[in-house]
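No lab work stands behind these numbers, since they all come straight from the coordinates. Fair warning: this is a prediction, and the values are worked out from it, not measured in the lab. Reconstructed Cβ throughout: ideal geometry from the backbone, glycine too, with neighbour counts over all protein chains shown.
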Amino acid sequence: MQCNLCGSEEFTDMNSRKNVKCTGCGSLERTRLLWMYLQNLPLKKDAKVLHIAPEKGIYIAFSKRIENGNYIAADLDPKRYLFADSCVHIDLCNLDDWPSCEYDLILHSHVLEHTPCNIAYTLFHLHRMLKEDGRHICIIPFMAGKYDECFQDLSGEERQKRFGQYDHVRKFGKKDIPSHLGSIINMPSVFDATQDFDAHVLQEANIPENHWTGFHMGTVLNFSKNDLRLKN
Ligand SMILES: [Zn+2]
């Protein structure tokens, strides 16, 4: 098994998940799965890419693929990303001033469970920012049960219990996808990575079978601009 981002063959544990974190670039199984989808994406060299909360392995790999200046790393707290040449500030709850029809790709993973505002606001603006043929590719973690969210001053313990982590403001539930996220954006009815990649390719990149199908922590979502159901 080899990391498809950095080539390392060594992996370590991530919490209770055995042998899934690359010791070379820090990628997790979901990051390597996301990269497989990104590698399949036809992107011109001068494509403009907005990568929110960039993963180190993907940042380094994408920096070689996209022309300098067109690959934009962004986060609410840019100084957390010292591996990046530059990282600009973005607040997913204040996107009104970001340009429309600007990006060929907007990319993020495990971000939307942290944003303390209306999820429809954020999704509306991210899709407004996409070019007509742009893609929005992301991983939204899905957990058991129904959607839940709270913007009150909950304790870290309470957030852990309700949303799976001390700093999450919401939980995306598997049980009510059509009536929640699905009412904002066209959600796929199934996720099956084996439709897109051979099992041995997934295994070689050390992506365990529990990440291959269904809605889970690493489901890769691939939206077109028009998949947003909220229209002007
Ligand atoms: Zn790696």
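Miscellaneous remarks
- Relative contact order of the stretch 44-227, defined on C-alpha pairs under 8 angstrom at six or more residues apart (%): 19
- Neighbourhood net charge (12 Å Cβ-Cβ; Lys/Arg +1, Asp/Glu -1) for Glu132: +1
- Each of Tyr59, Thr219, Ile106 was scored by the projection of its Cα onto the charge dipole of the chain, and the greatest displacement toward the positive side belongs to Thr219; charges sit on the C-beta of Lys, Arg, Asp and Glu.
- Measuring from each cysteine beta-carbon in the chain, the ones with no other cysteine beta-carbon under 4.7 angstrom are Cys87, Cys101, Cys138, Cys150.
- Extending 7 Å from the Cα toward the beta-carbon at both Ala199 and Asp133 defines two label points whose distance is 3.7 nm.
- Longest DSSP-loop-exposure-free segment, GluC sites (Glu not before Pro), the chain, at most 14 other Cβ within 10 Å: 68-232
- Spin-label model, Leu41/Lys231: points 7 Å from Cα along the beta carbon direction are separated by 2.5 nm.
- For the cross-link pairs Lys64/Lys225; Lys18/Lys175; Lys131/Lys174; Lys146/Lys225; Lys56/Lys79; Lys18/Lys56, the ones whose C-alpha atoms lie over 23 Å apart are Lys64/Lys225; Lys18/Lys175; Lys131/Lys174; Lys146/Lys225.
- Dipole magnitude (debye, nearest 20) for the stretch 44-227, charges at Cβ of Lys, Arg, Asp, Glu: 60
- Farthest positive-ward along the stretch 146-206 dipole, Cα basis, beta-carbon charges - from Gly156, Met187, Ala205: Gly156
- Shape of the chain, Cα gyration tensor, a/c cut at 1.5: rounded
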